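Reviewing the structure listed below.
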Amino acid sequence: MKPINPILIEFFHRSAVLNLPDKMREIYQFIETKENQLEEISSNEKQFINLMIDNSPFKAAAEHFSLDISSIKQVMDEAQVEIDRLIDERCNRVKWIDCTDSLKKQHGEGHLQWSFIFVS
């Protein structure tokens, strides 16, 4: 895969999550939200790991969705595979077109340094 801007990758990730089937997306977002909450209150990596053990987002999701933890793990694994597939697919379609010379002609040499168009 070509190197891609991390902001673009984050956009692709959000888009991929939104394209998951409803129940899978709900479970994925529930766990992701819980993990983000734990990350926000953690002061370091060790504390985060301890909070993840003590307040397992997977256990909370299992209780919330009335499923067992192994079912939640399976849904999350399937969701991650699908998210990765969608991101890879979109990254492979990305094409950057350098329009610098064309725009310099239109606006003059001193106005623009670099101009790219992103096409997906």
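With contacts taken as Cα pairs under 8 Å and at least 6 residues apart, segment 6-93 reaches a relative contact order of 42 percent.
Could you pull out the pairs from 23/73; 23/59; 73/95; 23/95 whose alpha carbons sit more than 25 Å apart here? Flagged as over cut-off: 73/95; 23/95. Label zone (residue 67, point 7 Å along Cα-to-C-beta; backbone nitrogen cut-off 17 Å) within segment 22-36: 22-35. If Lys and Arg each add +1 and Asp and Glu each add -1, what is the summed charge of the other residues whose beta carbon sits under 9 Å from the beta carbon of residue 57? Net local charge, residue 57 excluded: 0.
Site pair residue 85 and residue 5 shows an inter-label distance of 2.8 nm when each label is modelled 7 Å from Cα along Cα→Cβ.
Readers should treat all values here as calculations from the given coordinates under stated rules, not as data from a laboratory. The structure presented is a predicted model; accordingly, all values stated were derived computationally and were not measured. As a convention, Cβ positions derive from the backbone with ideal geometry for all residues, glycine included, and neighbour counts pool all protein chains shown.
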